[in-house]
């Protein structure tokens, strides 16, 4: 199996820095509370005196959403949506230890982090422009068809696992208590994205290995080396 971005995405967003991580051996019987709290503390410090929309990581995603024809205050990237909720409520809801950890890392770095259950993916995941034929399963169980040109995470079966470039993840491949193997993707577009995404992956890999433990495989992708290979689910 593999993960990659289409050549069209690299052409249109040459500033993109994606990081990918694969881990297996995930179970729901751990407590990430201490690590989540540490990441939340970092996020709170960054938000002291500023809104999430002023952070360079978020400003870069807002520019990208505008280029995609989306209103950046109507459709927010995943990290902005989490930061907005965190700023208003002081915490994030607990869903699953892995999701709680990834959400905390996301707000600490202000970088979107998407998590997919590998067993629910067919062959590969590619970030690219939808053809209009893909199917997307909502968390409510409804099936949608992203319009042609929307940026989606799609597999070989034509299933969209995320819409609007990490804005909405599919219920089909979301992490659940039975999830054992995961693909985690972090993407950034701001000026220091290269070092920040590398730091994010290193931090997340250390957290994962300490909590389960697992032996994460990770990589920073580029237009010249865009593919991340990982075992099947």
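The values are calculated or read from the model by the stated rules, or taken from the named source; none is laboratory data. The model shown is predicted, which means the values in this text are computed figures rather than measured ones. Heads up, the Cβs are rebuilt from the backbone with ideal geometry, glycines too, and the neighbour counts pull from every protein chain shown.
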| note | Taking the range 15-41 and keeping only residues that are within 19 Å of the chain's Cα centre (by Cα), within 26 Å of residue 61 (Cα to Cα) and surrounded by fewer than 18 Cβ atoms within 10 Å (Cβ to Cβ), one is left with 15
| Residue list for the range 60-76, restricted to those being under 11 Å from residue 111 (Cα atoms) and in contact with a helix residue (DSSP H, G or I) (Cβ under 7 Å, 6 or more places away or on another chain) | 61
| request: Report yes if some residue within the range 98-118 is modelled with pLDDT of 95 or more, surrounded by fewer than 22 Cβ atoms within 10 Å (Cβ to Cβ), closer than 18 Å to residue 176 by Cβ and out of contact with any strand residue (DSSP E or B) (no Cβ under 8 Å at 6 or more places or on another chain); otherwise report no. | output: yes
| query | Can you tell me which residues in the range 202-222 are more than 20 Å from residue 96 (Cβ to Cβ) and crowded, with 21+ Cβ neighbours inside 10 Å? | reply | 221
| request: Report, by residue number, each residue of the range 185-209 that is without any contact (Cβ under 8 Å) to a residue 40 or more places away in the chain and closer than 23 Å to residue 31 by Cβ. | output: 202, 206, 209
| field | Any hit, the range 79-96, residues being loosely packed, with under 14 Cβ neighbours inside 10 Å, at pLDDT 95 or above and touching a helix residue (DSSP H, G or I) at 6+ places or on another chain (Cβ under 6 Å) | value | yes
